[in-house]
Amino acid sequence: MEYNFSEIEKKWQQYWKVNKTYKTVEDAAKPKFYVLDMFPYPSGAGLHVGHPLGYIASDIYSRYKRLRGFNVLHPMGYDAFGLPAEQYAIQTGQHPRVTTDANIARYRRQLDKIGFSFDWDREVKTCESEYYKWTQKTFIDLYNHYYNTAEQKAKPVTELVAAFEKNGNAGINAACGNPEVKFTAAEWKAMDEKAQHQTLMEHRLAYQKDGMVNWCPQLGTVLANDEVANGLSIRGGYPVERKLMRQWYLRITAYADRMLEGLDRIDWSESLKETQRNWIGRSTGANVRFKLQDSLGDLEIFTTRADTMFGATFMVIAPEHPVLSQVQLDKEVEDYVSWAKNRSERERQSEVKNVTGKFTGLYAKNPFTEKQIPVWVSEYVLAGYGTGAIMAVPAHDSRDYAFAKHFGLEIIPLIKGCDVSNESFDAKEGEMVNSGFLNGMQVKDAIKAAIGKVEELGIGTAKVNFRLRDAAFSRQRYWGEPFPVYYKDDMPHMLPPDKLPLELPSVDKYLPTEAGDPPLGRATDWKYEGKYGYELSTMPGFAGSSAYFLRYMDPHSDKCLVDKKKNEYWRNVDLYIGGTEHATGHLMYARFWNMFLFDIGEICESEPFQKLINQGMIQGRSNFVYRVVGTDKFVSLGLKSQYETQEIHVDVNIVSNDILDLDKFKASRPEYANAEFILKDGKYVCGWAVEKMSKSYYNVVNPDDVVSRYGADTLRLYEMFLGPLEMSKPWDTNGIDGVHRFLRKLWRLCHDAQNNFSVSNDKATPQELKSLHKIIKKVQEDIEAFSFNTAVSGFMICVNELTELKCNKREVLEPLAILIAPFVPHIAEELWESLGQKASICNAKFPEFNPAMLVESSFEYPVSFNGKLRYKKEMPLGLSKEEVRQRVMQDENTAKFLEGKPLKNFVYVPGKIVNIVC
RNA sequence: GCCCGGGUGGCGGAAUUGGUAGACGCGCUGGUCUCAAACACCAGUGAUAGCAAUAUCGUAUCGGUUCGAUUCCGAUCCCGGGCACCA
């Protein structure tokens, strides 16, 4: 039988399904291993060839671990809530669930064709209420907890209430939205219900507040910071405005330090960790109060450079700063402030280099120099960071420098020998001058000394600031998890747990109501106990993806998110594979969410993803044809310079190795029906370029097409062969034949000329065993290093060697089939069965590597002198260094090359080289 | 501006971490098979010189350490990514 991949693949996919080969159960006798893919959002476009890259890699690793005796958890599911299905619903009136289900079914069909070893009995869909019940439950838990900064742990709000009743908030260690507010136990008790409610809200890990949010009018919803880039929404690219709205937030900032520290204990790429560190943006410094004139009180600033206080010649506050409303401003200043406030994020960002600002008329006293310095207002100081005010040190901060130069303000250099005539000296190094008690110190020491002095004077404290903001958690959308929240007396209340899940109600349209409420406002009779209105916004996309990996451990429980025992068995994800685009979104929120669940004792590990690999993106490789302008003639790439041409994208599916299929091209569109071609050597060669894989570039390659033409095994192998997993690379079909050829060679290795299965039971020769053991070692090492491309190369070399040796010995082919099974499971199963094996190859045992098999009787060693190659020599293997030395010294060539000089050193690399240093 | 990656044939990419650079695959050239083409198979393929054996050069550039450097160190240039009026 010829290698008939479609029949073989159909047969084994059926076999795996019927026999539940990939069903996983907890088994204390075996070590566990949890391999996870980032679950997909089932989009309407279906899978393209780039999507399975990570899935193939994780599948290979899962199958490998399984062969090594691990109990492997390798599940799959769908991140099924989201905007596209809802946008489609708005246009068509189709319920998002209908589209989502259809897309999921399509994804499943596509995934099944590739032969993954997922345990589909554990499938999780975030839009199912059996799952989002637990998302809602966790939200309630977040609401009912605060963050204890002394214990670095989430604690019940009830403890906080008890403490308030006893001592007010004195001595409370809690992450809090308004830490400056102080109250006594008596004051607490005197508060009415609403005031107490407000106070607790400032502490809860899930809380509601009026805040500036990223409002996207086109999408009709609020977005989180990670969903916005350069003032545009990531999805859709629509403009985003700042807007004051009452929203739910998660107090992720309370976990900033732990999230930072946790990075040191997990095995992620350095660049990804760096991205998260940047996003958290921890900076240490001090808050310092500058005394304002008259009785205006203090102006508090944050600085990381307390050492430069002596050079603070003016101050700058944000246009939103509260002090501006306390004083009568000049008309001119007033105008500037309102102009600056009304500028959009985009406008501000696009004109970063333009210096604008006004003198407020206020003065503050520099506590170190005792001088009165002017207070300016400028939009370059942001209200949302630090205290919204800075002390400006033009000599040592480039932004302050630009401002001072523009407005002619004083610049005092503070570091010995620095030149500030043309630019500021921003580096944190050198010796202090012009700085009173700090003179002579190095910058590092001066920072500490200055902060010490500030604290001593009682004008400020050491302070850590974060760039990270609390996460906006409300979306004014329909297709998401409903909040388990109802309103009574205008205050939010959590549903009792036994009322969960709160199901998503039906609505007539997926648009906001006339009153401007989110779509859920259209649901009729949707009230708690028939009278209390529910929260009308829904949760964002990251809510559902923050705990799905826990749910896979125990997907069907109606008692809890995950059973304690099962969680203790599977613990956390050992290997997580997914795209780098989730670096500051999903991967931040999931870590936060998981740490919280850990704190409240729901789970046993605080970091969810031990090792993480970012697979690179597969880009599209577009093809072009060149139409001679104004004609129906198309000219081949090499000849196009002789004509005036127009470059046109052509569907890559009618191009093979850059050669255009002329008939298919003519048939592809009516306007090409009469196309004429100017050929080169009888062929039409297309141009090409690497672009994003997208419908509009006609470069989308569907894995189904590759599978039907070459088979799933070829697709799997080729995706791995393309290059290192983590690298982005274009999908280039040009090499796929080579990989397919390899599989045919493998097939031929155990079939005779008549294509009958034929293996010999003879003993393998040392050479054959050497080939085998070389590949055992290589596959093992490469898989463990996630170097799948070199592993595939290894197989090719091995099969070439065995073909040359005409080796069809069972002793070699059986282990080889197991080795290759993780990569190409279908053909491996087929060979395994032909070899007379009854059980699936998935349950086989990984062959044992024996180093002794690599030893041969002799090698040809190059001998070199002073690193320069001089001659080659036959040398037996397994000699000691001394024996090698004797052999080399006895050689007549050696004496000739040594030229009477003494032997200085002797380098011997077994199997490689003998090097004589004279 | 700050912080991470990375520069190797015509192309995708290897190199046991300091030991014969260019594995493996694509492409290209030649050959076998075929009436012919496709498929398949075999051989060659970094550059320069040479019929050849071979020689010289060669891993972005310059310099250093070493018997020996793609690998380590210093400087420079270029590409990719993250953060960014964050004080």
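The values are calculated or read from the model by the stated rules, or taken from the named source; none is laboratory data. Everything numeric here is computed off the predicted structure, so don't read it as measured data. For neighbour counting, all protein chains shown are included, and Cβ atoms are generated from backbone atoms with ideal geometry for every residue, glycine included. Quick note on the areas: whole protein, heavy atoms, side chains included, nothing else; ligands and nucleic acids left out. Shrake-Rupley method; radii C 1.70, N 1.55, O 1.52, S 1.80 Å.
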_Of residues in the stretch A:646-681 being of a type outside the set (A, V, I, L, M) and touching a Lys or Arg at 6+ places or on another chain (Cβ under 6 Å), the one nearest to RNA strand B (Cβ to nearest atom)_ = A:Glu676
*Please go through the stretch A:632-662 and pick out each residue that is within 29 Å of A:Asn702 (Cβ to Cβ), part of a strand (DSSP E or B) and open to solvent by 70 Å² or more (accessible area, probe 1.4 Å).*
A:Gln646, A:Glu647
*Within the stretch A:392-431, restricting attention to residues that are touching a His at 6+ places or on another chain (Cβ under 9 Å) and without any contact (Cβ under 8 Å) to a residue 24 or more places away in the chain, which residue is nearest to RNA strand B (Cβ to nearest atom)?*
A:Ala427
_Lone qualifier among A:Leu587, A:Leu612 - being within 15 Å of the chain's Cα centre (by Cα), in a strand (DSSP E or B) and modelled with pLDDT of 90 or more_ = A:Leu612
*Is it the case that the stretch A:271-289 has a residue that's more than 13 Å from RNA strand B (Cβ to nearest atom), among the hydrophobic types (A, V, I, L, M, F, W, C) and touching a residue at least 24 places away in the same chain (Cβ under 8 Å)?*
no
*Set A:Tyr684, A:Tyr698: member being within 15 Å of RNA strand B (Cβ to nearest atom), surrounded by 15 or more Cβ atoms within 10 Å (Cβ to Cβ) and under 23 Å from A:Val629 (Cβ atoms)*: A:Tyr684
*asked:* So for the stretch A:452-461 (the condition being touching a strand residue (DSSP E or B) at 6+ places or on another chain (Cβ under 8 Å), modelled with pLDDT of 90 or more, of a type in the set (A, V, I, L, M, F, W, C) and in a helix (DSSP H, G or I)), does at least one residue qualify?
replied: yes
*Test: A:Glu151 is open to solvent by 40 Å² or more (accessible area, probe 1.4 Å), assigned to a loop (DSSP other than H, G, I, E, B) and farther than 30 Å from A:Ser62 by Cα*: yes
*Go through (1) out of contact with any strand residue (DSSP E or B) (no Cβ under 9 Å at 6 or more places or on another chain); (2) more than 13 Å from RNA strand B (Cβ to nearest atom); (3) modelled with pLDDT under 90 and name the single condition A:Pro847 misses.*
(3)
_Among the listed residues A:Ile841, A:Ile916, identify the single one that is surrounded by 18 or more Cβ atoms within 10 Å (Cβ to Cβ) and either charged (D, E, K, R) or farther than 28 Å from A:Ile776 by Cβ (or both)._
A:Ile916
*Within the stretch A:870-877, is even one residue within 16 Å of RNA strand B (Cβ to nearest atom) and within 49 Å of the chain's Cα centre (by Cα)?*
yes
_Report every pair of residues separated by at least 6 positions or lying on different chains whose Cβ atoms are under 7 Å apart, first residue within the stretch A:353-364 and of a type in the set (Phe, Trp, Tyr), second away from RNA strand B (no atom under 16 Å from the Cβ) and open to solvent by 30 Å² or more (accessible area, probe 1.4 Å)._
A:Tyr363/A:Gln293; A:Tyr363/A:Gln372
*Kindly list, by first and then second residue, each pair from a residue in the stretch A:503-530 that is farther than 18 Å from A:Gly220 by Cβ to a residue that is of a type in the set (D, E, K, R) and exposed (fewer than 14 other Cβ atoms within 10 Å of the Cβ), limited to pairs with Cβ atoms under 8 Å and residues at least 6 apart or on different chains.*
A:Tyr528/A:Lys499
*Can you tell me which of A:Leu819, A:Leu802, A:Leu813 is part of a helix (DSSP H, G or I), away from RNA strand B (no atom under 16 Å from the Cβ) and modelled with pLDDT of 90 or more?*
A:Leu813
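Conditions tested, residue by residue: (1) of a type in the set (Lys, Arg); (2) within 29 Å of the chain's Cα centre (by Cα); (3) farther than 21 Å from A:Phe823 by Cβ.
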position	(1), (2), (3)
A:Tyr698	no, yes, yes
A:Pro703	no, yes, no
A:Val706	no, yes, no
A:Trp731	no, yes, no
A:Arg748	yes, no, no
A:His773	no, no, no
A:Glu781	no, yes, no
*Pick from the stretch A:708-720 the residues that are in contact (Cβ under 8 Å) with a residue 12 or more places away in the chain and surrounded by fewer than 22 Cβ atoms within 10 Å (Cβ to Cβ): which of them is farthest from RNA strand B (Cβ to nearest atom)?*
A:Ser708
_So A:Leu831 passes all but one of these: (1) at positive phi; (2) touching a Cys at 6+ places or on another chain (Cβ under 7 Å). Which condition number does it fail?_
(1)
*Residues (part of a loop (DSSP other than H, G, I, E, B), open to solvent by less than 90 Å² (accessible area, probe 1.4 Å) and either near RNA strand B (Cβ under 7 Å from one of its atoms) or at pLDDT 70 or above (or both)) located in the stretch A:337-356*: A:Arg343, A:Glu351, A:Val355, A:Thr356
*Might you check whether a residue that is crowded, with 17+ Cβ neighbours inside 10 Å, within 38 Å of the chain's Cα centre (by Cα), under 25 Å from A:Gln326 (Cα atoms) and not acidic (Asp, Glu) occurs anywhere in the stretch A:357-378?*
yes
*asked:* Condition (residue is modelled with pLDDT of 75 or more, over 24 Å from A:Met853 (Cα atoms) and within 12 Å of RNA strand B (Cβ to nearest atom)) applied to the stretch A:900-907: is it met by at least one residue?
replied: yes
*Among the residues of the stretch A:775-789, which ones are surrounded by fewer than 17 Cβ atoms within 10 Å (Cβ to Cβ) and free of Cβ contacts under 8 Å to residues at least 60 places away in the same chain?*
A:Glu781, A:Glu784, A:Ala785
*Scan the stretch A:217-243 for residues that are basic (Lys, Arg) and more than 14 Å from RNA strand B (Cβ to nearest atom) and jot them down.*
A:Arg235, A:Lys243
*How many residues are buried (at least 18 other Cβ atoms within 10 Å of the Cβ) and part of a loop (DSSP other than H, G, I, E, B) when one looks only at the stretch A:303-328?*
7
*Which listed residue, of A:Glu882, A:Glu860, is more than 9 Å from RNA strand B (Cβ to nearest atom) and loosely packed, with under 14 Cβ neighbours inside 10 Å*: A:Glu882
*Scan of the stretch A:429-453 for residues that are within 42 Å of the chain's Cα centre (by Cα), closer than 24 Å to A:Ile373 by Cα and surrounded by 15 or more Cβ atoms within 10 Å (Cβ to Cβ), ordered by number*: A:Val443, A:Ala446, A:Ile447, A:Ala449, A:Ala450, A:Ile451
*In the stretch A:739-773, which residue that is open to solvent by 50 Å² or more (accessible area, probe 1.4 Å) and within 11 Å of RNA strand B (Cβ to nearest atom) is nearest to A:Glu833 (Cα to Cα)?*
A:Arg748
*Has the stretch A:316-326 got any residue that is more than 10 Å from RNA strand B (Cβ to nearest atom), more than 24 Å from A:Asp226 (Cα to Cα), more than 36 Å from the chain's Cα centre (by Cα) and among the hydroxyl-bearing types (Ser, Thr, Tyr)?*
yes
*Scan A:Glu726, A:Glu781 and give me the residue that is in a loop (DSSP other than H, G, I, E, B) and within 13 Å of RNA strand B (Cβ to nearest atom).*
A:Glu726
